[in-house]
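Report on the structure given below.
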Amino acid sequence: MRILTLFVLLTTVTLGGCVSQGDYDLLQADRDKLKADLASTSTRLSAESSARQRTQAELDKLIAERDRIQQALTAMTDERTKLSMSVEEMKKAMQELSARKAEADRRIGEFRALVDRFKTLIDAGKLGVKIVEGRMVVVLATDILFPSGSALLSKDGKGAIGEVAAVLKDIPDRRFQIEGHTDDVPIKGHAFYATNWELAAARAINVVKALVDGQMPPERLSAASYSQFKPAQANDTKEGKAANRRIEIVLVPDLSSLPGFEELQKAAR
C-alpha cells in the first residue's frame, strides 16, 4: 500500500506539477527510505539464501560422514567376526597339531623302546626292526627260519621265534599280524604248495603257532600272506631275492590313539 501511495503521488507530481516543496521533500524521503528497505530486504534474502546453502552443504557433509562411519562400523563388525572365526580356527589347528605331535612323540618313543627290547637279537643278526608304511615291523629272514621251499620251522627257527615271543608278550595291549613274503621264483611241482601264496601263508601260520607256544595270547595274533607281491627289494639279484624271503611281525596300529578317532567313530555310527 505504501509503495502504491508513493507511486500515485509521484505520478501526480509528474503529471500535474502542483505539489508543494514540503510534500515533494516528504515524498523524496519516503522514496529513499523505500529504496533502502528494498536494498536491506534483498541483502537479507541473499544472506538467508547463502545461509540455507551453507546449512545444506554442512548437512550433506554430516550425512556423508555418518554414512562413512556406518560403513566403517560394518566393516569392523565383519572383520571382528572373521577375526573371531580365525582365532577359533587357529586354536583348533593348534590343538590338532599338538595332538599329532604328541602321537608322533609317543610312536617314536615306542619304536625306540622296541629297538631296545630286540637289541640283542638285532646285534646277533637274527632280525631287524623297521618302520614300513608308518607301521613298526620286526623283520626275520625266512632263510634263518625255514628250509628252502618248506613251511616247517627249523630248530634254529623255533629258537629265534621263541626269543621273539619272550619280548613281544611283554608289550601290553598290542596286536600283531604275522605276514609271509617270498621272492618271485615260482613254485613248480611242490607236493604241498601250488604257489608262493600258499607257501607264504603256511609259513606265517606256523610262526603264529610258535608264538602261541611261546606264551603269546592267541587273540592278539593274526596271519597274512603277500606272496611275492610286496617285495622289500628288487628281485634281480641274489641278495634282493634273499631280502624278499621274509617274515614280518607288524605291530598293528592302535587307531584309538590317533587324532580324530572319536570323530571317525561318530561318523561311522
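The values are calculated or read from the model by the stated rules, or taken from the named source; none is laboratory data. In this text the structure is predicted, and so the values were computed from the model without any measurement. Every residue, glycine as well, gets a Cβ built from its backbone with ideal geometry; the counts of neighbours run over all protein chains shown.
Condition check for residue 148 on (1) buried (at least 17 other Cβ atoms within 10 Å of the Cβ); (2) over 14 Å from residue 207 (Cα atoms); (3) over 47 Å from the mean Cα position of the chain (by Cα): one failure, at (1). Before we move on, is residue 174 in the same structural domain as residue 149 (by TED's automatic domain parsing), touching an Asp or Glu at 6+ places or on another chain (Cβ under 8 Å) and either more than 16 Å from residue 150 (Cα to Cα) or surrounded by fewer than 19 Cβ atoms within 10 Å (Cβ to Cβ) (or both)? Criteria met by residue 174. Scanning the stretch 177-204 for residues that are aliphatic (A, V, I, L, M) and free of Cβ contacts under 8 Å to residues at least 40 places away in the same chain turns up 187, 191, 194, 200, 201.
When the stretch 170-194 is filtered for residues that are under 18 Å from residue 241 (Cα atoms) and touching a strand residue (DSSP E or B) at 6+ places or on another chain (Cβ under 7 Å), the ones remaining, listed by number, are 179, 180, 181, 182. Within the stretch 141-166, the only residue that satisfies the criterion of being among the basic types (Lys, Arg) and touching a residue at least 24 places away in the same chain (Cβ under 8 Å) is 158. A search for C-beta distances below 7 Å between a residue of the stretch 83-103 that is surrounded by 10 or more Cβ atoms within 10 Å (Cβ to Cβ) and any residue that is not basic (Lys, Arg), counting only pairs 6+ apart in sequence or on different chains, returns 96/259; 99/259; 100/259; 103/257; 103/258; 103/259. Within the stretch 215-240, the residues that satisfy the criterion of being within 23 Å of residue 253 (Cβ to Cβ) and part of a loop (DSSP other than H, G, I, E, B) are 216, 217, 229, 230, 231, 232.
Hey, any hits in the stretch 133-143 for a residue that's assigned to a helix (DSSP H, G or I), assigned by TED's automatic domain parsing to the domain that holds residue 194 and more than 28 Å from residue 253 (Cβ to Cβ)? Yes, that holds for at least one residue.
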